[in-house]
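The values are calculated or read from the model by the stated rules, or taken from the named source; none is laboratory data. Computed from a predicted structure; not experimentally measured. FYI the Cβ positions are ideal-geometry reconstructions off the backbone, even for glycines, and counts take in every protein chain you see.
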């Protein structure tokens, strides 16, 4: 794996923010949709495998067209694609879906999204990028927000195994942002997404076939917002809208913003996930959870303000 670039704020940050926020919101719908499938008789393993394979099927052709005449890039970065598929796709999604099977979607999301703190720590320890005061303040604000959304201050009960699954998803999510932000490997983002999703899906399928991951599916309608939705419609939305689209956009946004800022922007997924769970599953957030969402967003703003500024290189032939 090539060395990761340092996180700095440039004029590319604005489009990166737009891509990152769009990816976060579309990712966020996966939890409620998956929980609906699980309630209809699907296991977390079968739901996540179907989601990942559908997303891979959507992206594999455009990815192949992007690589036309440049297949050496894929061979050179095979290890990166394998790691991305196994950790950022298969392990991350399976951990998260198992978490939402045992607890509320919002709670599972907000445990997973302590990942930005891990990203800040990694960039400091591995690349010497010591966080500034605003970055630290943003991280603390985000952690306070997580605690409020979890409603820990009122002694809310948490499922222990569910928490472990969510923490596993957190580690995998941190890996996702760090790898996605690497723009030095020469591999187009859509190729990384398609290759990782295809490998992750095949791995999950093999694990289900030999009994490591329990598989079960149902043709029963999925109940969302009190309405019956055909299972295949739910699966298509889960695979295309909440996987294929956001994986590509997330990689593109991360490469523009850097892993540190991208991971905090990704916290918007936690807030959007609570909203989707409210709209689709009637899991209404409490007032303290809404306050937590405000703290999380404030943390993202502080981290953005704390990003070191650097001027981009001028176009060729132009004297700075």
Determine whether residue 33 is surrounded by fewer than 20 Cβ atoms within 10 Å (Cβ to Cβ) and farther than 13 Å from residue 194 by Cα.
no
Of the residues in the range 36-50, those that are surrounded by fewer than 22 Cβ atoms within 10 Å (Cβ to Cβ), in contact with a helix residue (DSSP H, G or I) (Cβ under 8 Å, 6 or more places away or on another chain) and farther than 19 Å from residue 91 by Cα number 1
For the range 191-213, which positions are part of a loop (DSSP other than H, G, I, E, B) and more than 23 Å from the chain's Cα centre (by Cα)?
210, 211, 212
Of 201, 196, 211, 162, the only residue that is surrounded by fewer than 23 Cβ atoms within 10 Å (Cβ to Cβ) and touching a helix residue (DSSP H, G or I) at 6+ places or on another chain (Cβ under 7 Å) is 162
Residues in the range 276-294 that are part of a helix (DSSP H, G or I) and more than 23 Å from the chain's Cα centre (by Cα): how many?
2
Of everything in the range 59-102 that's surrounded by fewer than 19 Cβ atoms within 10 Å (Cβ to Cβ) and outside any helix (DSSP H, G or I), which residue is nearest to the chain's Cα centre (by Cα)?
102
Of the residues that make up the range 222-231, is at least one at pLDDT 90 or above and closer than 14 Å to residue 48 by Cβ?
no
